[in-house]
Every structure is written in structure tokens, then in C-alpha cells.
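Read-outs throughout are calculated quantities, based only on the coordinates presented, and are distinct from any laboratory measurement. Nothing here was measured: the structure is a model prediction, and the numbers come from that model. For neighbour counting, all protein chains shown are included, and Cβ atoms are generated from backbone atoms with ideal geometry for every residue, glycine included.
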Amino acid sequence: MKAKNYRQVKGQAYTRKEYVKSSPPSKISKFTMGNSRTEFSVQAKLIALENAQIRHNALEAARIASNRILSERLGENYFLRIMPYPHAILRENKMIFGAHADRLQDGMRGAFGKPIGTAARVRTNQPIIVAGVNEDGLEIAKKALKLGQAKLPMPCRIEIETTGD
């Protein structure tokens with residue numbers, strides 16, 4: 001299984017978990033980190049530049065990479081939120097190749113596939129990760145979002161927005 005097979009948005013999303021016998025759980029452990037009660041003066045956003053599907057393990061890797069930098073450098077003086085939720089269930093029709101594989105597979109007979117993971121569908125200009133910091137933590141937030149961007153399967157840009165007066 002390769003991740004690039006699931007990157008493109010094709011067809012209608014398969015999200016009805018009541019019809020799936022064993023829907024795989026999302027690997028994202030937290031969607032909000034840091035201090036959620038404080039209003040921060042600057043908001044840094046990681047914005048998607050094209051339509052794509054982001055697998056749940058890629059979102060979790062981006063969260064861990066971004067959160068590690070922010071928590072090490074700023075302590076509790078930040079807020080980080082993962083915006084998309086992985087609703088779409090990904091399926092795979094497992095095929096076994098190699099010697100004597102013809103005895104183990106049915107080809108395209110019953111090729112609907114078994115659920116292997118979930119993915120979030122993001123559109124162009126949709127925020128993926130939002131980090132709230134004060135003016136002194138802006139460069140650290142940019143670095144954290146750049147590290148998180150490296151874990152995602154599509155190009156992104158970082159947008160800075162001031163929320164104070």
C-alpha cells in the first residue's frame with residue numbers, strides 16, 4: 001500500500017460507518033493543544049494549496065512535529081488546533097504478488113476492499129493547522145508549521161493573521 005494512492009480526491013467520500021463492519025479508529029489523539037483559554041495576538045495558519053486527502057497518520061505526524069517545537073520553546077504560551085477531521089474511510093483490495101499468488105487471490109471478483117484507515121478531505125485555501133501565539137513567538141510558530149507541513153502530502157503555505165486591536 002502506498003500513500004500516493006489515496007492522495008487524490010476521487011468520487012464520493014465513503015463515510016457511513018454504520019455500514020462498515022470494522023471501521024478503523026483515527027490515530028489523532030488530540031485536536032487542540034496548549035492553552036485554549038487565552039486570547040493570543042497572532043494566529044499562524046497552515047493553508048492547503050490544492051485539493052487532497054490527508055490520511056489520519058499524516059495528520060497525527062504533523063500535529064506531533066508542530067506541537068513538539070511549540071511546547072519546547074513556548075511552554076504553555078501557545079494554542080494549536082488541527083482543523084480537518086478524518087471522516088472518509090479508505091479501502092484496499094489486497095492483492096498478493098509473487099510465486100503461487102494466483103491461488104490466493106480472486107482478482108476483481110468481490111473487489112470492494114476492506115477498510116484500512118481514514119482520511120480528511122481538504123479543499124484549496126482550507127486551513128489545516130492553526131497556531132495561536134503572541135508577537136514574541138511568531139517565528140517559532142512559523143518554524144513549527146513548516147515542520148508540520150513536511151509531514152503532509154500536498155503543498156501548503158503559512159498565513160499570518162493578527163487577532164488583536
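Under 10 Å, Cα contacts only: if you run a Gaussian network model on the chain, which one of Ser66, Ser29, Ser41 comes out with the highest mean-square fluctuation? Taking springs between Cα atoms under 10 Å, the residue moving most is Ser29. Within the shell of other residues whose beta carbon sits under 12 angstrom from the beta carbon of Ala65, the net charge comes to +3, with Lys and Arg scored +1 and Asp and Glu -1. Rounded to the nearest 500, the helix-only mean residue ellipticity at 222 nm of the chain stands at -6000 deg cm²/dmol, with each DSSP H run of n ≥ 4 adding -39,500 (n - 2.57).
Helix 56-74 and the longest principal axis of the Cα set of the chain meet at an angle near 20°. Among the GluC sites (Glu not before Pro) in segment 41-76, those located in a DSSP loop and surrounded by at most 16 other Cβ atoms within 10 Å of their own Cβ are Glu50, Glu76. A DSSP coil position with no more than 11 other Cβ atoms inside 10 Å describes the following chymotrypsin sites (Phe, Trp or Tyr not before Pro) in segment 6-99: Phe97. Largest first, the extents of the alpha carbon coordinates of the chain on the three principal axes equal 66, 33, 26 Å.
Only the Cβ atoms of Lys and Arg (+1) and of Asp and Glu (-1) were treated as charged; on that basis the dipole of the chain about its Cα centre amounts to roughly 960 debye. When you restrict to C-alpha pairs under 8 Å that are six or more residues apart and normalise by the size of the chain, the relative contact order lands at 40 percent. Annotation: for a label point projected 7 angstrom from Cα along Cα→Cβ of Arg73, residues of segment 131-155 with backbone N closer than 17 Å are 131-151. The packing ranking, built from the mean of other Cβ atoms within 10 Å per residue, places the peptides 141-148, 123-130 in the order 141-148, 123-130, highest first. Distance between the pseudo-spin-label points of Phe97 and Ser22 (7 Å out from Cα toward the beta carbon): 2.6 nm.
Of the residues Gln53, Met95, Phe40, the one whose Cα sits farthest toward the positive end of the charge dipole of the chain, with +1 on the Cβ of Lys and Arg and -1 on the Cβ of Asp and Glu, is Met95. Each of Gln126, Leu147, Met108 was placed along the dipole of the chain (beta-carbon charges, centred on the mean Cα), and the one lying farthest toward the positive end is Met108.
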